[in-house]
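Accompanying notes for the structure given below.
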Amino acid sequence: MNKVYITDFGAGEGVLNNAEAIQAAIDGCAAGGTVVIPAGTFVSGAIKLCGNMTLYLEKGAVLQGSGDCRDYEKHASRGWRDYDSLWFDAFICAEDAENVNIEGEGTIDGVDCFNPKGEEGFRGPHCMRFVRCKNMRISGLHIKRSANYAMFFINSSNLSVDNVSVCGGHDGIHSHNCNNAVVSGCDFRTGDDCVAGSDNINFMIRDCKFNTSCNGFRLGCLNLTAERCQFWGPGEFLHLSQKRNNMLCAIIHFSPPDRNPLLPSGNWQLDDITADNCETLYHVARSEPWQSGQPVFTVKFENTRATNIERPVTVADERRDTALSFKDSSIELRPGITGKSVIKCDGFDSLELKNVKLAGNAGAPAVDICDGNRASFENTGILAVDIRAENIKSANFLS
C-alpha cells in the first residue's frame, strides 16, 4: 500500500498554511494508502480526505489549525438540511467516503479558531466532520482546542472511536442519523457535551471517562449500551458561551424538533456507571425544547454509583412513555441539599427499583412520583414515609 509523508509534498514547520501540500499528499493516495504527518508542528487550513486511506500522525506530530477562519471555507458542506453552511466548516472532512482512518499518537489542535459569523457568534470550524461515510476509525489521537465539535458525524455508519482524548473545545462527539458506532477507551474533557446527537441507532460506549461543563451524554439513540464509564464534574474546561464549569447532567435525552427526528430513544442498558458532582444523573423532560421531538422508552441502569448529585433522577413525561429502572445501585444527594427528592418522576410509564440505596434526602420524600402507570420497589429499605406516590395505576412497594 502506498505510504507518503506530507513533507515530500512541500509541507514544513515554518509554513503559515500547509493545506495545499497536505491535500496533494492526500490526493496522491486516492487509490488507497497512508498519509503520514511526522513529528513536528504543521499548520493547515481545511483538508478533505478520500476513501480507502489512513491519515497517520506520528508521535510528536501536531496538525495545527490555522487561526484564520477563512482558511476553512473551501470544503464547507452544504448538503445537510438548510443550516447555515458556516456551521459545517471543518479542519478535516470527508464526504461519501468509505474505509477512512485517522490514527496515531499525535495531536490535532483546533486552536479555538474564532469566527464572528459562526455559531453563537464565535465558534469556528469543527476539528473533524464526516458526511455520508462508512467504515471509519479514529484511534489513538489527542484532540484539543476544537473550535466547535471535535468529531461530527452525519448520516454515517460503522464508526469506531478508540483511545482518543479530547481536551477543551465543545462537543467531543456529535452524531446525527448514524448507526453502528463503538466508542471505547476514550477520555473526553470538554467545555460542552461529551457525546451528543440524535436519530442514532446501535451505539456501544465502554471504558470511557467523561468530564464536562455541560452534559456527559446528551443523546437520542435507539439501542445504546454503555458500560464501565465514569462521569464527573466540575468541568476542567470552561463552557465558553455561558462562562461556567458546573456539570449539568450525566445523561439526558436529546431529540430536538428542528432536526425533524424520526426515531425514538430506547433499549438503553447502562451498566457499571459512576457519576460524581453533577447536577443530575438522568433527566427527561418532554416539554423542554431539546427533548420534545421523539419519546424515550426503556432505560435500564445496573451497578450505578452516583454521589454528590443535586437532583439525581428527574422525569417529566406527560405522555407516559418512559420506562426507567435501577438495579443493584446507589444514588446519593449532594451533602447539604435539603428539600429535594432523590428520584422525582411526574409522568412516566414505569419505575422499577431493585436492590437500590437512596441516601441524603432531608425535608422531602426520597421518592416523589405521580401520574405513572407502574411503580415497583424491591429491597430498597425505603420506608413508606419516604415515598410520595399519587395517581399511580399499579404500585408494589416491598422495602
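Okay, here's what the table says:
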item: The lone exception for Ala395 - which of (1) part of a strand (DSSP E or B); (2) modelled with pLDDT under 95; (3) aliphatic (A, V, I, L, M); (4) under 31 Å from the mean Cα position of the chain (by Cα) it fails; result: (4)
item: Qualifying residues in segment 309-332 (those that are among the hydroxyl-bearing types (Ser, Thr, Tyr) and crowded, with 19+ Cβ neighbours inside 10 Å) - the one farthest from Lys344 (Cα to Cα); result: Ser329
item: So Ala306, is it touching a Ser or Thr at 6+ places or on another chain (Cβ under 8 Å) and either of a type in the set (A, V, I, L, M) or crowded, with 20+ Cβ neighbours inside 10 Å (or both); result: yes
item: Filter result for Gly51 (closer than 14 Å to Ile102 by Cβ and part of a loop (DSSP other than H, G, I, E, B)); result: yes
item: Qualifying positions in segment 306-346 - in a strand (DSSP E or B) and under 19 Å from Glu378 (Cβ atoms); result: Val313, Ala323, Leu324, Ser325, Phe326, Lys327, Asp328, Ser329, Ser330, Ile331, Ile343, Cys345
item: Among (1) over 17 Å from Ser265 (Cα atoms); (2) crowded, with 23+ Cβ neighbours inside 10 Å, the one test that Phe301 misses; result: (1)
item: Number of positions in segment 261-298 that are in a loop (DSSP other than H, G, I, E, B), touching a residue at least 24 places away in the same chain (Cβ under 8 Å) and farther than 20 Å from Arg334 by Cα; result: 11
item: Out of Thr274, Thr190, sole residue that is under 25 Å from Val131 (Cβ atoms) and among the hydroxyl-bearing types (Ser, Thr, Tyr); result: Thr190
item: Asp276, sole failed condition from (1) loosely packed, with under 15 Cβ neighbours inside 10 Å; (2) over 17 Å from the mean Cα position of the chain (by Cα); result: (1)
item: Unique residue being in contact with a helix residue (DSSP H, G or I) (Cβ under 9 Å, 6 or more places away or on another chain), under 17 Å from His176 (Cβ atoms), at pLDDT 95 or above and buried (at least 17 other Cβ atoms within 10 Å of the Cβ) when the list is Phe152, Phe91; result: Phe152
item: Tabulated pairs, segment 63-91, first part of a loop (DSSP other than H, G, I, E, B) and among the basic types (Lys, Arg), second surrounded by fewer than 19 Cβ atoms within 10 Å (Cβ to Cβ) and at pLDDT below 90, C-beta under 7 angstrom, 6+ apart or interchain; result: Arg78/Ser85
item: Those residues of segment 35-56 which are buried (at least 17 other Cβ atoms within 10 Å of the Cβ), free of Cβ contacts under 8 Å to residues at least 40 places away in the same chain and among the β-branched types (Val, Ile, Thr), in sequence order; result: Val35, Val36, Val43
item: Condition check for Phe237: part of a loop (DSSP other than H, G, I, E, B), under 17 Å from the mean Cα position of the chain (by Cα) and either at negative phi or small (Gly, Ala, Ser) (or both); result: yes
item: Total residues in segment 94-123, condition in contact with a Phe, Trp or Tyr (Cβ under 6 Å, 6 or more places away or on another chain) and either among the aliphatic types (A, V, I, L, M) or within 17 Å of Tyr56 (Cβ to Cβ) (or both); result: 3
item: The listed residue being surrounded by fewer than 20 Cβ atoms within 10 Å (Cβ to Cβ), modelled with pLDDT under 95 and in a loop (DSSP other than H, G, I, E, B), out of Lys117, Lys59; result: Lys117
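The values are calculated or read from the model by the stated rules, or taken from the named source; none is laboratory data. On a predicted model such as this, the values are computed, not experimentally measured, just so you know. Neighbour counts run over all protein chains shown; Cβ positions are idealised from the backbone, glycine included.
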